[in-house]
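Enquirer: Provided herewith is a single structure, encoded as structure tokens, for subsequent inquiry.
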Amino acid sequence: MTARTSFVLFITAFTASSLAQTFPSPTTQWLRINRRYLGFAFAFSHLVHLIFIILFVRLDPSNFWIGRTPTSLIPASITYVFIFAMAATSFNRTAKAIGGTAWKWLHWLGSYAIFISFAAAFGGRAAKSGFYIPILVLLTAALLLRVFTRFRRAKITGSQATG
């Protein structure tokens, strides 16, 4: 359940800016303005998820390791590093300390690492349960929205520079 609540918070933060640009409204503007807090809520929700994973490992290790190897946990571990680094650098002071360029790269790479992690996790489950197909559709729509917004912004910026 915590993975699902984390997903809702993540996908909302992930698309907030694109939604505000593509579908301007008071709601989408609120999402854009508050995406930092949505990101914090996601990081907290996923911290709770991690705590439950750790409890699962400690309370029922034989069931936890079914279908997993220590190596299979590397991508998820990297994603958690991104989540915590992004949360830590979402404060004005820490963002300023690492600099604007590093902050942008961290948050761009981190957001896509999280996106890929959800796609992989829910994609594997969708093959076994139709419940996850709408989640994959939502992930695909979110990615397409971000790509569309990026190209649209680049086209507008390019036409303003030449016009």
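Enquirer: What is the diffusion coefficient of the stretch 3-91 in µm²/s, taking the Kirkwood radius over Cα pairs and the Stokes-Einstein relation at 20 °C with a viscosity of 1.002 mPa s?
Expert: 147 µm²/s
Enquirer: In deg cm²/dmol, rounded to 500, what helix-only [θ] at 222 nm does the chain give when every DSSP H run of at least 4 residues adds -39500 (n - 2.57) and the total is split over its residues?
Expert: -28000 deg cm²/dmol
Enquirer: Which Cα, out of Leu143, Ile156, Ile78, lies furthest along the positive dipole direction of the stretch 73-163 (beta carbon charges, K/R +1, D/E -1)?
Expert: Checked the options; the winner is Ile156.
Enquirer: To the nearest Å, what is the center-to-center distance of the stretch 97-116 and the stretch 24-84, using C-alpha atoms only?
Expert: Result: 16 Å between the Cα centres.
Enquirer: Expressed in nm to one decimal, what extension gain is obtained for the pair Ile33 and Lys96 from 0.36 nm per residue of sequence separation less their Cα-Cα distance?
Expert: On the way: separation 63, 0.36 × 63 = 22.68 nm, distance 1.89 nm.
Length difference between fully extended and current span is 20.8 nm.
Enquirer: Most mobile of Gly123, Gly39, Gly67 per a Gaussian network model of the chain (Cα springs, under 10 Å)?
Expert: Of Gly123, Gly39, Gly67, the Gaussian network model singles out Gly67 as fluctuating most.
Enquirer: Roughly speaking, to the nearest percent, how much of the chain's 1.4 Å accessible area is carbon and sulfur?
Expert: Working: 7470 of 10510 Å².
Carbon and sulfur together cover 71 percent of it.
Enquirer: Which one of Ala113, Ala127, Ala43 has the biggest mean-square fluctuation once the chain is modelled by GNM with Cα springs under 10 Å?
Expert: In the Gaussian network model the winner is Ala127.
Enquirer: Also: Give me the 1.4 Å probe accessible area per residue for the chain, excluding ligands and nucleic acids, in Å². Mind showing how you got there, number by number?
Expert: Details: 10510 Å² over 163 residues.
That works out to 64 Å² for each residue.
Enquirer: Can you tell which of Arg152, Arg36, Arg68 shows the greatest fluctuation in a Gaussian network model of the chain with Cα springs below 10 Å?
Expert: Looking only at Arg152, Arg36, Arg68, the largest GNM fluctuation is found for Arg68.
Enquirer: Hey, what did the stretch 20-163 get for relative contact order, percent, Cα under 8 Å, at least 6 apart? Before the final figure, lay out each step's value.
Expert: Working: 49 pairs, mean separation 26.0, N = 144.
Relative contact order here is 18 percent.
Enquirer: If you don't mind, there's one more thing I want to ask. Find the eigenvalues of the gyration tensor of the Cα atoms of the stretch 46-163, then list the square roots of 5 times those eigenvalues as equivalent ellipsoid semi-axes, largest first, in whole angstrom. Don't jump to the answer; show the numbers that get you there.
Expert: Working: eigenvalues 227, 97, 20 Å².
Rounded to whole Å, the semi-axes are 34, 22, 10.
Enquirer: Taking the Cα centre of the stretch 6-114 as the origin, how large is its charge dipole in debye, to the nearest 20, when only Lys and Arg (+1) and Asp and Glu (-1) carry charge on their Cβ atoms?
Expert: Numbers: 8 positive and 1 negative charges, 67 e Å.
So the magnitude is around 320 debye.
The values are calculated or read from the model by the stated rules, or taken from the named source; none is laboratory data. Since the model is a prediction, treat every value here as computed from it, not as a measurement. Here the Cβ is made from the backbone with ideal geometry for all residues, glycine too, and neighbour counts use every protein chain on show. Keep in mind that these areas ignore ligands, DNA and RNA; they rest on the heavy atoms of the full protein, side chains included. Shrake-Rupley method; radii C 1.70, N 1.55, O 1.52, S 1.80 Å.
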